[in-house]
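J.: Encoded as structure tokens, here's the structure I'll be asking about.
The values are calculated or read from the model by the stated rules, or taken from the named source; none is laboratory data. Because the structure is predicted, anything quoted here is derived from the model rather than measured. Quick reminder, even Gly has a Cβ in these numbers, built from the backbone with ideal geometry, and neighbours come from all protein chains shown. Protein only, heavy atoms only, side chains kept; ligands, DNA and RNA dropped before computing areas. Shrake-Rupley method; radii C 1.70, N 1.55, O 1.52, S 1.80 Å.
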Amino acid sequence: MSAYIPTKDHKIIAAASLAIVSDIDLSAAVPAVPHAPVVLPDLSSEVVQRDRLLPWQRRKIMQFIEEHLTETIKVEELAAMTKLSKTYFSRVFKTAYNESPYTYVLRRRMELAKELIIETDAALSEIALDCGMADQAHLCKTFRKVFGTTPNYWRRTSSSMNRPVGAGHSSSIRREVNSARLN
């Protein structure tokens, strides 16, 4: 296919992807304006933050999660705190922490369970409730998924030196662990 080449007296007017061949000279209809060079602002020194959580958003989310770890935490709540939509929040959270908000909260609960298993002699059912899990079976299933071992096996193999003397079913020990973790 050969391209049409206009003769000498025709002008070509290009509009988007449409080319119109005409013998009408439109240059006289539009006044001549000297073209100044287009100067774009230099944005190389500015950091454009896309798909990122701002520092204040990170602090607010982490503080909320740590304070409410034993309660139900909804993605909608976290998104509302950061003034983002649920979908966008989930995407930027995953970008920031390399895991979804749900997975992050679940992992943090399992880390808390791990601490409580080592530092107390409380029953696993009690630890499960203290960590915001539904029951002991839920704790065991999730613990195995996260750490590759059962909570009972973890308790047996963990060093007895890590346990404080006289650690028992005391809820004050758990409160101390939680307050130390938050500070």
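J.: Between ALA80 and ASP121, what is the FRET efficiency for a Förster distance of 30 Å, r being their Cβ-Cβ separation, to the nearest 0.05?
T.: Working: r = 40 Å, r/R0 = 1.32.
The pair ALA80/ASP121 has a calculated efficiency of 0.15.
J.: Evaluate the distance, in nm, between pseudo-label points positioned 7 Å from the Cα of LEU129 and of GLU71 along their respective Cα→Cβ axes.
T.: 1.9
J.: Starting at 0 and stepping by 5 Å, how many percent of the alpha carbon pairs of region 82-134 end up in each bin?
T.: Distribution as computed: 4, 20, 21, 15, 12, 13, 9, 5, 1 percent.
J.: Taking a 1.4 Å probe, which of TRP56, TRP154 shows the most accessible area, and what order do the others take after it?
T.: Details: TRP56 100, TRP154 65 Å².
These residues rank, largest area first, as TRP56, TRP154.
J.: While we're here: Can you work out the Karplus-derived ³J(HN,Hα) for every residue in region 90-102? Use 6.51 cos²θ - 1.76 cosθ + 1.60 with θ = phi - 60°, whole Hz, and x for glycine or proline.
T.: 4, 5, 6, 5, 5, 5, 6, 10, 6, 7, 5, x, 4
J.: I need two numbers for region 58-150: Rg to one decimal and Dmax as a whole number, Cα atoms only, in Å.
T.: Over region 58-150's Cα set, Rg and Dmax evaluate to 14.0, 42 Å.
J.: Same structure again: Strictly over 25 Å apart at the Cα level, which of LYS74/LYS94; LYS83/LYS145; LYS74/LYS141 would you flag in this model?
T.: Details: LYS74/LYS94 15 Å; LYS83/LYS145 32 Å; LYS74/LYS141 21 Å.
Violating the 25 Å Cα-Cα cut-off are LYS83/LYS145.
J.: Which length gain, in nm to one decimal place, applies between GLN63 and TYR153 when the Cα-Cα distance is subtracted from 0.36 nm times their residue separation?
T.: Working: separation 90, 0.36 × 90 = 32.40 nm, distance 3.12 nm.
Result for the pair: 29.3 nm of gain on full extension.
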